[in-house]
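Got a structure for you, questions after.
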């Protein structure tokens, strides 16, 4: 018989509210993964140590000139670049997620936990840098979390129906494997997912009291689960990342963020997702300050110079630049661009190439016009799309470009993956056609080869 955990009972009471009140909440699980990264404390005097930068006097953030109709009609005939719908990165991620889901459905927890343990200990990643352990854990909890999300967002099953049956079943699995940290991680992340589903992505102060209570209850339960394995974090990147994910649930996390992220990044320095999450959580809207962000970005770059060169500085600011004007205005542009070059030297795969090209050409451009000083930086980063595409791109990955269009790791719910990918494909082609507009207008053929784009007479 499954024992009734007091903390879980609290979650159960709070969650069995009228689910119709949740229909307007929107969530993407990429938001949850974005919250999984540790942060570290630093001095408010950090700005004084930052090198001075020379800025242009006049802010400029240009946007791409529209492609005229005749040129647009010529793109299909004169721009030849492979469009890879089913990328190897997508195939890898899907395969590991499906593996985790299948083993969970078969209740083969021994095999699943061993796979997660091995992937965690070896820091196994996909070609695009996604941790295999994370994918297996997501697949293992997907049925439970998606069922709850369906109920919360769509009001199905009927109003008042319990939505915790799945999580209670996972809790029973945890009871049967009390010393198994991969199983504990699956259950803890399921609670975090459900907590975020109740919270949504708006400001905490705007939530209804019951939504805040459900969010807090799920985070408290996840904390209780992970506390049983306190002390093992230095041996497990997955545990350290989960511990960092908890920070978002507690306003008093400010003193821990930088230190926790530093520990996580040092444990798994080849994973850029930790650095991106750190940069996000060091923004003033979360737990840090602009001075902390700059200091920790530089410290992280210094500690990982043998792996990323200047790339860790870029990864640390990657999402912060897009979502925060002040962070964008503050970034050391030359250092950031040097980091772009070093990232591509370390990770020349086409997933990363498309990610950085779409980031510069689309995600950064989306903020143009919001702040003059930030636009000075955006102008220089947008220009980087040119050399990234010309020097490194050999194929288009539509989904990467689609996510750049909506904003990386945002809360948008994709209802038609086909239409979503098609939007990304068109956006990428428009950007590339703009770079080669003069050649295309002259009737030249632009062909992307493994050695780069070749321009020839049609």
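Does residue 306 satisfy the criteria of being out of contact with any helix residue (DSSP H, G or I) (no Cβ under 8 Å at 6 or more places or on another chain), part of a helix (DSSP H, G or I) and at negative phi?
When the stated conditions are applied, residue 306 passes them.
For the stretch 430-450, check the following and say yes or no: at least one residue is within 23 Å of residue 88 (Cβ to Cβ) and within 24 Å of the chain's Cα centre (by Cα).
Among the residues of the stretch 430-450, at least one is within 23 Å of residue 88 (Cβ to Cβ) and within 24 Å of the chain's Cα centre (by Cα), which makes the answer yes.
So, one more: Taking into account only those residues within the stretch 117-146 that are part of a helix (DSSP H, G or I) and without any contact (Cβ under 8 Å) to a residue 24 or more places away in the chain, which is surrounded by the fewest Cβ atoms within 10 Å (Cβ to Cβ)?
For the stretch 117-146, the residue satisfying everything is 122.
Give the residue, chosen from 433, 358, that is modelled with pLDDT under 95, in contact with a helix residue (DSSP H, G or I) (Cβ under 6 Å, 6 or more places away or on another chain) and part of a helix (DSSP H, G or I).
433
Is it the case that the stretch 158-176 has a residue that's over 19 Å from the mean Cα position of the chain (by Cα), modelled with pLDDT of 90 or more and in a loop (DSSP other than H, G, I, E, B)?
Within the stretch 158-176, none of the residues are over 19 Å from the mean Cα position of the chain (by Cα), modelled with pLDDT of 90 or more and in a loop (DSSP other than H, G, I, E, B).
Conditions (1) under 21 Å from the mean Cα position of the chain (by Cα); (2) part of a helix (DSSP H, G or I); (3) surrounded by 18 or more Cβ atoms within 10 Å (Cβ to Cβ); (4) at pLDDT 85 or above, marked per residue:
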position: 205; (1), (2), (3), (4): no, yes, no, no
position: 224; (1), (2), (3), (4): no, yes, no, yes
position: 231; (1), (2), (3), (4): no, no, no, yes
position: 248; (1), (2), (3), (4): yes, yes, yes, yes
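Checking residue 77 against (1) at pLDDT 90 or above; (2) in contact with a strand residue (DSSP E or B) (Cβ under 9 Å, 6 or more places away or on another chain): exactly one of these is not met. Which one?
That leaves (1) as the condition not met.
Let me ask you something else. Filter the stretch 439-458 for residues that are in contact with a strand residue (DSSP E or B) (Cβ under 9 Å, 6 or more places away or on another chain) and in a strand (DSSP E or B) and give the result.
Matches in the stretch 439-458: 444, 445, 446, 447, 448, 453, 454, 455, 456, 457.
So residue 338 clears everything in (1) in a helix (DSSP H, G or I); (2) in contact (Cβ under 8 Å) with a residue 40 or more places away in the chain; (3) surrounded by fewer than 24 Cβ atoms within 10 Å (Cβ to Cβ) except one condition, right? Which one?
(2) is the only condition that residue 338 fails.
Among the candidates 344, 264, which residue alone is assigned to a helix (DSSP H, G or I) and crowded, with 20+ Cβ neighbours inside 10 Å?
264
Taking the stated definitions as given, is residue 255 within 30 Å of residue 303 (Cα to Cα) and over 21 Å from the mean Cα position of the chain (by Cα)?
Spelling it out, residue 255 is indeed within 30 Å of residue 303 (Cα to Cα) and over 21 Å from the mean Cα position of the chain (by Cα).
Return the residue satisfying two criteria in turn: it lies in the stretch 365-386 and is closer than 18 Å to residue 290 by Cβ and in a loop (DSSP other than H, G, I, E, B), and of such residues it is modelled with the lowest pLDDT.
370
Residue by residue through the stretch 137-155, note down the ones that are more than 20 Å from residue 219 (Cβ to Cβ), at pLDDT below 75 and touching a helix residue (DSSP H, G or I) at 6+ places or on another chain (Cβ under 6 Å).
155
The values are calculated or read from the model by the stated rules, or taken from the named source; none is laboratory data. Keep in mind the model is a prediction, meaning the values are calculated, not measured. Cβ: placed from backbone, ideal geometry, glycine included. Neighbour counts: every protein chain shown.
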